[in-house]
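To keep things clear, I will list the structure first and then write my remarks on it.
The values are calculated or read from the model by the stated rules, or taken from the named source; none is laboratory data. Keep in mind that this is a model prediction, so the values were computed, not measured. Cβ: placed from backbone, ideal geometry, glycine included. Neighbour counts: every protein chain shown.
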Amino acid sequence: MTSSEELLPGTRRALLHRIATAQSEGRTPSLVAAVQRGGRIVWSGARSCVNGHAPDGDTQYRIGSITKTFTAVLVLRLRDEGLLDLDDRLEKHLPDAGVDDVTIHQLLAHSAGLGAETPAPWWERTPGTDRPTLADVLGERPQLHSAGRLHHYSNPGYTLLGALVERLRGESWAEVLRREILEPLGMDRTTPQAQPPHAGGWAVHPWADVMLPEPAEDLGLMAPAGQLWSTTTDLLRFAAFLERGDERVLSTSSVSEMRAPAAPSEAGDLAGAYGLGLQVVRRESRTLLGHSGSLPGFLAALWFSVEDDVAAVVLSNATSGPLTTAVAADLVGIVADAEPRIPEPWRPLPEIDDELLALTGPWYWGTHVHTLKLVADRGLELRPLRGAGRGARFQARPDGTWVGLDGYYTGETLRVMRAEDGTVDHLDLGSFVFTREPYDPSAAVPGGVHEGGWQGLAP
C-alpha cells in the first residue's frame, strides 16, 4: 500500500523499497511508515506478513520511549507557566521522591545519574502494580553516578518527571497529557491503552520463522517513560509541533530549547546528543531530531530535519526486528536528497533602519576580519569573512542590545559602544572588542595600540 501524488515516482519507489526491505530482512509481522514535508503527509506505506491486512495511518502501535518526549513537553509547560524552574532541585516540588541533588533539567536530559532501569522484575514485561510506589521504581540505590557528570539514559528518571507533573497539576499524568497536548494537536489516536484498530506485539524467533505473542502491560508509574500507543498520522502531527511549536501547547522558543543538545550521548556514541526529551543525531551531513522507542513486541522511531522540513515515522510489531531508527532516518534522507527543499524567494526588508544599516560591513577583532549583516526582525549576523571561526546570529533586545542565539556566543550580549560625540567607537561582544579597522588607534582597544603603529621590516 502506498499513497502520494506529490513526490516523484522514483522517490516513492525508493521509499517503498526501503520499508519493504526492512520488513523482509527485519522479519517483522508488519511495518507502517509515513513521511511529512511542509507539515503535510506526502507519502505512506506499509508491509505485512498477512495478505490484505497491511496497516495504515490509523493503526495503533506501541511507541515506547517516544512517550518521554510528551512528558518533557508537559514539564516545559509547567516551566513556562512559572510553576517551576528547570534548575530547581526535584525535591523542592517532590520532597518524597527519594533522590537528592537532582535537578529537573538533569532528569530531562538523562544526566541525573539515575539507573537505567527499575529493580527486577523487568518492568516492560510485568504489570505496573508490581511497582506501586516511587521507592519500588527507584530501588535501594537510585543514583549510580554523581548528578550532572555524564549522560546515562534513565527510564525511572521520567517516572519522576511524570510524578512531578501529577503533583503540580493535581491530576493523573494521562489526563494532563490528554488535555494539554493530545486534544489541542488533534491526536485522538494516541492513547495510554490500545484502541482498535491496533497491531499485536510479537517476538520472532531468532533462528526460525515462528512467532510468540508478547504481553502488553499497563506500566503504572512507569507510564511517562513508555506507555503510549499511537499511529503514524498522529506522530507526524507531533513532529510538526516539535518543529514549529504551537502556542496552544508550547511556544516556538520552548520547543527550540528542547531540541538543543543538553547532554552528550552514551559513551562511545559520537554521532549524537540528547536535548530535553529529544534525541539529537548527526547522520551524514544532516541533523535529525526526535526519539526512538521500544517495548516487548514493538519498535518505533520518529525523526525530523528542521533544515529540510521533512519528518518520518516508522512503526513495527516485533521485539527485535528492523532497525526502525535507521529506517526512519533513511526515509528522511531519501526525500530530502531526491527532492531538496525549495527555498523561499529572497525579499528585501520591509523598512530601513539607518542606524542599523550603518553598522553593517567589516569589523575586526584584533586582526580577524568579520562581517556584520542586517537580517529580518532587526536581527544581526556576525560571521568570520574567511574560514571557520566564531560567529552567531543575534536577536534585538528592547534595551538596544542584542543577544546571541547560537554557537559560541549563545546568550552573550552584543553592545554598540559610542564615543562622547555619539559616533560608534566599537562593538563589545562579551568583552571582545570589534573595531572598524584592525587595532584602530582611535577606538577603545583593550591594552591600547602601540604608538609606533604598523611597521614593516627594514632590510
Go through region 136-149 residue by residue and tally those that are closer than 18 Å to residue 109 by Cα and either surrounded by 14 or more Cβ atoms within 10 Å (Cβ to Cβ) or not assigned by TED's automatic domain parsing to the domain that holds residue 86 (or both).
6
Just to check your reading of the model, which residue among 33, 20, 54, 14 is among the aliphatic types (A, V, I, L, M) and crowded, with 21+ Cβ neighbours inside 10 Å?
33
Looking across region 103-123 at residues that are more than 22 Å from the chain's Cα centre (by Cα) and assigned to a loop (DSSP other than H, G, I, E, B), the single one that is surrounded by the most Cβ atoms within 10 Å (Cβ to Cβ) is 118
Return yes or no: is residue 379 under 25 Å from residue 252 (Cβ atoms) and either of a type in the set (Gly, Ala, Ser) or at pLDDT below 95 (or both)?
yes
Based on this model, can you work out whether residue 83 counts as surrounded by 23 or more Cβ atoms within 10 Å (Cβ to Cβ) and either touching a residue at least 24 places away in the same chain (Cβ under 8 Å) or part of a loop (DSSP other than H, G, I, E, B) (or both)?
no
Does residue 45 satisfy being buried (at least 16 other Cβ atoms within 10 Å of the Cβ) and at pLDDT 95 or above?
yes
Among the residues of region 411-430, write down those that are under 18 Å from residue 399 (Cβ atoms) and either aromatic (Phe, Trp, Tyr) or part of a loop (DSSP other than H, G, I, E, B) (or both).
411, 412, 422, 430
Residues being within 19 Å of residue 154 (Cα to Cα), assigned to a loop (DSSP other than H, G, I, E, B) and within 24 Å of the chain's Cα centre (by Cα) - total across region 213-231:
2
Filter result for residue 179 (touching a helix residue (DSSP H, G or I) at 6+ places or on another chain (Cβ under 8 Å), among the basic types (Lys, Arg) and not in a loop (DSSP other than H, G, I, E, B))
no
When you go through 276, 235, 219 one by one, which is the residue that is assigned by TED's automatic domain parsing to the domain that holds residue 74, touching a Gly at 6+ places or on another chain (Cβ under 8 Å) and crowded, with 16+ Cβ neighbours inside 10 Å?
219
Neighbours by Cβ (under 6 Å, 6+ apart or cross-chain): first from region 421-448, in contact (Cβ under 8 Å) with a residue 60 or more places away in the chain and more than 13 Å from residue 362 (Cβ to Cβ); second of a type in the set (Phe, Trp, Tyr) and surrounded by 15 or more Cβ atoms within 10 Å (Cβ to Cβ)
432/365
Which of the residues belonging to region 385-410 are under 22 Å from the mean Cα position of the chain (by Cα) and part of a loop (DSSP other than H, G, I, E, B)?
405, 406, 410
Within region 425-459, restricting attention to residues that are of a type in the set (Asp, Glu) and closer than 20 Å to residue 390 by Cα, which residue is nearest to the chain's Cα centre (by Cα)?
428
What pairs come out if I take residues in region 189-212 that are within 11 Å of residue 28 (Cα to Cα) and in a loop (DSSP other than H, G, I, E, B) and pair them with residues that are β-branched (Val, Ile, Thr) and at pLDDT 95 or above whose C-beta lies under 7 Å away, six or more apart or interchain?
none
Starting from region 379-391, keep only residues that are under 29 Å from residue 354 (Cβ atoms), then list their pairs with residues that are part of a loop (DSSP other than H, G, I, E, B) whose Cβ atoms are within a distance under 7 Å, requiring at least 6 positions of separation or different chains.
382/391; 383/391; 384/391
Taking region 431-458, which residues are farther than 26 Å from residue 396 by Cα and among the hydrophobic types (A, V, I, L, M, F, W, C)?
449, 454, 457, 458
